[in-house]
């Protein structure tokens, strides 16, 4: 494994771009490969076996490039597949999980809200998180069906998205939360809408920065950080329509990109 190899990142769709954004800030000279499994999104309403199979297939594609590490930029895929990925592949695999621990440490009211997909909140990983840290706070878990689809449609500020979001967020305020965990990588793109609903006194926790720091630490520990004195590049793949993905990824990445079709 060479330090000049890129880092692979994947998600069910474009949500993982929020993590890719934080990786780019943390590791400006690394080359990044991103796979959006958009033709199979959202993962949140799929069976665990299906998500595991897709995660293995995409990870195999990335390993074949080759990459020096893989970031599973999807809480749902982490819950369904990360254990299998780590037994199957030898590259470091960094995975997402809802930031329950830092939220519990940060809350002053003792009430923490978690916004996540149905599949994430029913996963063994998430249940273990609640078991480990739930004794120290009242954790209010809110599944959010439909939000991933709104981000995948590029509707980040529209009335439909706002109407969908309100019944998920406003009850958390009624319960007294002062900290909200974004438990899906798609949701940071909705943070401006969420902030407008909750005001300035509620902390919104996006784990992307922590994942980027962990990636740096893991690569540093094995001597695989890039030493090249240049800005890194990004390459994008999708299992869906490259034309549609190009428009959406360019919108979210805030620069014009090219998108390739993921081989079947």
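The values are calculated or read from the model by the stated rules, or taken from the named source; none is laboratory data. Keep in mind it's a predicted model, so treat the numbers as computed, not measured. Here Cβ is always computed from backbone atoms with ideal geometry, including for glycine, and neighbour counts include all displayed protein chains.
In table form, for the structure just shown:
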read-out: Residue check for residue 102: over 19 Å from residue 201 (Cα atoms), touching a strand residue (DSSP E or B) at 6+ places or on another chain (Cβ under 7 Å) and surrounded by fewer than 21 Cβ atoms within 10 Å (Cβ to Cβ); value: no
read-out: Segment 1-45, residues that are touching a helix residue (DSSP H, G or I) at 6+ places or on another chain (Cβ under 7 Å) and assigned to a loop (DSSP other than H, G, I, E, B); value: 12, 13, 14, 15, 27, 37, 41, 42
read-out: Wholly enclosed helices (runs of 4 or more DSSP H) of segment 156-245 bearing at least 3 residues under 23 Å from residue 58 (Cα atoms), touching a strand residue (DSSP E or B) at 6+ places or on another chain (Cβ under 9 Å) and in the same structural domain as residue 29 (by TED's automatic domain parsing); value: 208-221
read-out: Count of segment 91-144 residues which are part of a loop (DSSP other than H, G, I, E, B) and touching a residue at least 12 places away in the same chain (Cβ under 8 Å); value: 14
read-out: Qualifying positions in segment 119-137 - at pLDDT 90 or above and surrounded by fewer than 15 Cβ atoms within 10 Å (Cβ to Cβ); value: 127, 128, 131, 132
read-out: Index of the failed condition, residue 231 passing every other in (1) exposed (fewer than 15 other Cβ atoms within 10 Å of the Cβ); (2) under 25 Å from residue 93 (Cβ atoms); value: (2)
read-out: Test for residue 41: is it surrounded by 24 or more Cβ atoms within 10 Å (Cβ to Cβ), closer than 25 Å to residue 165 by Cα and in the same structural domain as residue 223 (by TED's automatic domain parsing); value: yes
read-out: From 2, 28, residue being over 30 Å from residue 176 (Cα atoms), surrounded by fewer than 17 Cβ atoms within 10 Å (Cβ to Cβ) and at pLDDT below 95; value: 2
read-out: Check on residue 66, surrounded by fewer than 24 Cβ atoms within 10 Å (Cβ to Cβ) and over 25 Å from residue 202 (Cα atoms); value: yes
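Yes or no, residue by residue, for (1) closer than 21 Å to residue 138 by Cβ; (2) modelled with pLDDT under 95; (3) in contact with a helix residue (DSSP H, G or I) (Cβ under 8 Å, 6 or more places away or on another chain):
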| position | (1), (2), (3) |
| --- | --- |
| 177 | yes, no, no |
| 192 | no, no, no |
| 226 | no, yes, no |
| 258 | no, no, yes |
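Quick grid of which residues meet (1) farther than 17 Å from residue 111 by Cα; (2) surrounded by 20 or more Cβ atoms within 10 Å (Cβ to Cβ):
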position: 145; (1), (2): yes, no
position: 155; (1), (2): yes, no
position: 166; (1), (2): yes, no
position: 171; (1), (2): no, no
position: 186; (1), (2): yes, yes
position: 192; (1), (2): yes, no
position: 197; (1), (2): yes, no
position: 214; (1), (2): yes, no
